[in-house]
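For reference, the structure discussed in these notes is given below.
The values are calculated or read from the model by the stated rules, or taken from the named source; none is laboratory data. Since the model is a prediction, treat every value here as computed from it, not as a measurement. Note that each Cβ is placed from the backbone with ideal geometry, even for glycine, and that neighbours are counted across all protein chains shown.
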Amino acid sequence: MSENTWGFVATIVLSLGTVVMVWALVRRGLRALIDGTVGIAAATTFYARVFVIGLLFVALTSLLGARFDFGPDAAFMEYVWRIASVLSGQLGLSCIFLGVYLVLVTILAAALGRRNEQ
């Protein structure tokens, strides 16, 4: 395999690694929040799957623009900077997705929390 292919594979691994890391960090808290608010197992599964699918789509979207078309004499740091550039875009889009998802789940929790208190 060429260096261009290795650069793309490294970008895929790191991009999906960030998705797994974010999912591992928020999985239990998100499930507990949705279980406590909605109380329907199917809803918890649905919102958790939408969260993972959204993160995966953000990661895969950022990979679509990744181009590793360096010549055979390209320095190693050119690959590093290209990978960092792709991951920068992915992390930015992930932050936007997390913010929007957080707002939607907060609205859901606030609306259903009031309904259960009455």
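Couple of notes before you dig in:
- Test: residue in the range 16-28 that is surrounded by 13 or more Cβ atoms within 10 Å (Cβ to Cβ), over 22 Å from G89 (Cβ atoms), at pLDDT 90 or above and over 11 Å from the mean Cα position of the chain (by Cα): yes
- Whichever residue in the range 50-80 is modelled with pLDDT under 90 and aromatic (F, W, Y) and, among such residues, is surrounded by the fewest Cβ atoms within 10 Å (Cβ to Cβ): F76
- Qualifying residue in the range 36-49 (condition: under 17 Å from the mean Cα position of the chain (by Cα) and either under 16 Å from L14 (Cβ atoms) or exposed (fewer than 11 other Cβ atoms within 10 Å of the Cβ) (or both)): yes
- Some residue of the range 6-15 being part of a helix (DSSP H, G or I), under 11 Å from the mean Cα position of the chain (by Cα), at pLDDT below 95 and closer than 25 Å to G89 by Cβ: yes
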